[in-house]
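This report refers to the structure that appears directly beneath it.
The values are calculated or read from the model by the stated rules, or taken from the named source; none is laboratory data. Everything quoted here is computed from the prediction, not taken from an experiment. Glycine also receives a Cβ, built like all others from the backbone with ideal geometry; neighbour counts cover every protein chain displayed. Heavy atoms of the whole protein, side chains included, go into the accessibility calculation; ligands, DNA and RNA do not. Shrake-Rupley method; radii C 1.70, N 1.55, O 1.52, S 1.80 Å.
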Amino acid sequence: MIVIDGVIWQSEGFFRSPLLDQSYLWLSLIEEWVKAKKATQFVVLTRGQSWLPPGTFFSEIPRFAFDEAEEDRSGLQSVCDQLQARLFLSTGYTTPLSTPSIAFIYDLEAESGSQFHSEYIEKKNAILAASHYVVFSDEVLAGFRAHYPGIPPEQISLVYPALEGWAKPAAPDAMAEFRRQHQLTRPFFLAVLPEHLADYRGLQAVSQAWEILQGQRLSRTELVCAFPAPLQVDPVKSQLPQREGIRYLSLSNSELACAYSSALALVFHATFRPSSPLEAMACGCPVVHYREGQGEALKEQEAATLLCQGSLQELADALQRIQGYPVRAPLIAKGLERAKELSWSRVAAKLWDLFDQVAPPRQSQEAAEPGATGR
C-alpha cells in the first residue's frame, strides 16, 4: 500500500508552491492511477478537502498544524502501520517517523527564507527522512543539488509535469484575433513571466539583448512580456524595463496558446515561468534558452532548444538566428515531438515505476485498508 498525504488541500494552503499548481498535479496523477486500475494500491489521507477523482480510496485524518508537527508525524506513522504502507508520499512536506518516503521538491522558496521558519524546518525534516527525491524542472534540480550537495545524484529524479490541454497550436483565425485585439502589428519575441517576479535579472538581460538586436539589425520586432491572467501589472510602478516596442500583457491560457503559436520564439531564463519552454514547444514555438556564463547544458530539453550561454551580444545573435528557417524549423519539429511525451498517463506511469523501485518489496499478503473509503 502507498499512502499519500493530501495536506496541500487544507484551506490554509500549507506548503503551496508559487511555481507549480500542486493541486492540479496531484489530482491529475491520482486520476491516471485510478484509470490504470491501481486504486487498491494506494490511499489518500484527507485533511478536510471535499473532492478526489471517483474511485479513489481515502481516509480522514486530523488537520495539520505546525505547532503540532511532532504529533502529526506520530499520527502518520500510526496510519502507515495500520495500512502496512510500503511507501509514504506527501503533497506537501509532511513525513511519518519510519516508513520509507519520497520527497517531492516543488521549489526552493523555503530555502531562500529564514532557516527558523516553520515551513523550512518541516521541509528539511521531510528531505532528511526521504529515501528518494522528485523535482519537476531543470532549475529546481540545479538549485536542489546546490542546497543539498550531500544527496547522491542517483537518488534524485527529474520528472517534467504533463502539459495542460490548452497547450497546442492555435487556429489561424484565433491567432489573427489575438493579434488584432492586442494590436500586435509586428513580429514579436515572447517572454512568459511568473505570477511573482522577484528576480529581474532575466527580464533585464532579455530586454537589453532585444534592444541590441533592434539597433544592429534595424529589426522591426516587438518584445511581449506575458503575465498570467487575471494578474494586472503596472510596468512603471513595478520598475520593469520601458522602451517603445516592449509590451506587457496579462494573458489567459487560451491567449497564451495564441501568443506561443504567433511568436518568432519564446525567450526563456531561469527566473521566468518554469513551464513555458514545454508549453511553447507544444504550440510549435521555437525556444531560445539564455543562461548567464558557461555551465552544464540542459540534458532533457537541449535538443529542442537553442541554448545560449554568455554575453548579451550572443543572446542578440541567437534572437537573429532563430528567425532563419534552417534554425527554427528543426527546433519546432523536435519541440513538438518532445511535447508528445508529456501526457499525464505517461508521467503517472513513470512515477509509479519509480515508486516500485524505491519501495521495499511487497509482503506476500497485503492487509486490507481499514477505514479506507472509495470516492
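In segment 303-317, the residues that are within 9 Å of residue 290 (Cβ to Cβ) reach residues that are in a loop (DSSP other than H, G, I, E, B) and of a type outside the set (Ser, Thr, Tyr) with C-beta atoms within less than 6 angstrom, at least six apart or across chains, in these pairs: 307/297; 309/294.
Results for (1) out of contact with any Asp or Glu (no Cβ under 9 Å at 6 or more places or on another chain); (2) open to solvent by 80 Å² or more (accessible area, probe 1.4 Å); (3) at pLDDT below 95, shown as yes or no for each residue.
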{"position": "189", "(1), (2), (3)": "no, no, no"}
{"position": "193", "(1), (2), (3)": "yes, no, yes"}
{"position": "196", "(1), (2), (3)": "yes, yes, yes"}
{"position": "207", "(1), (2), (3)": "yes, no, yes"}
{"position": "211", "(1), (2), (3)": "yes, no, yes"}
{"position": "217", "(1), (2), (3)": "yes, yes, yes"}
{"position": "220", "(1), (2), (3)": "yes, yes, yes"}
{"position": "226", "(1), (2), (3)": "no, no, yes"}
{"position": "231", "(1), (2), (3)": "no, no, yes"}
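Pairs meeting the criteria (first residue in segment 78-105 and closer than 16 Å to residue 46 by Cβ, second residue among the polar types (S, T, N, Q) and open to solvent by less than 10 Å² (accessible area, probe 1.4 Å), beta carbons under 6 Å, at least 6 apart or on different chains) are 88/101; 91/22. One residue stands out in segment 176-187 among those that are out of contact with any Leu (no Cβ under 7 Å at 6 or more places or on another chain) and open to solvent by less than 40 Å² (accessible area, probe 1.4 Å): the one that is nearest to residue 279 (Cα to Cα), namely 178. Screening segment 334-358 for residues that are part of a loop (DSSP other than H, G, I, E, B) and out of contact with any helix residue (DSSP H, G or I) (no Cβ under 7 Å at 6 or more places or on another chain) and picking the one that is modelled with the lowest pLDDT gives 341.
Please work out if residue 32 is part of a helix (DSSP H, G or I), buried (at least 16 other Cβ atoms within 10 Å of the Cβ) and out of contact with any strand residue (DSSP E or B) (no Cβ under 9 Å at 6 or more places or on another chain). Here the answer is yes, as residue 32 does meet what is asked. Against the definition (surrounded by 15 or more Cβ atoms within 10 Å (Cβ to Cβ) and either assigned to a strand (DSSP E or B) or within 26 Å of the chain's Cα centre (by Cα) (or both)), how does residue 92 come out, yes or no? Against the criterion (surrounded by 15 or more Cβ atoms within 10 Å (Cβ to Cβ) and either assigned to a strand (DSSP E or B) or within 26 Å of the chain's Cα centre (by Cα) (or both)), residue 92 qualifies.
Look at (1) loosely packed, with under 11 Cβ neighbours inside 10 Å; (2) in contact with a Pro (Cβ under 8 Å, 6 or more places away or on another chain) and you find that residue 173 fails only one, number (2). If you go through segment 151-170 and pick out every residue that is assigned to a loop (DSSP other than H, G, I, E, B) and open to solvent by 70 Å² or more (accessible area, probe 1.4 Å), you end up with 3.
Applying the condition of being out of contact with any Asp or Glu (no Cβ under 9 Å at 6 or more places or on another chain) and in a strand (DSSP E or B) to segment 301-333 and asking which residue is least open to solvent (accessible area, probe 1.4 Å) yields 306.
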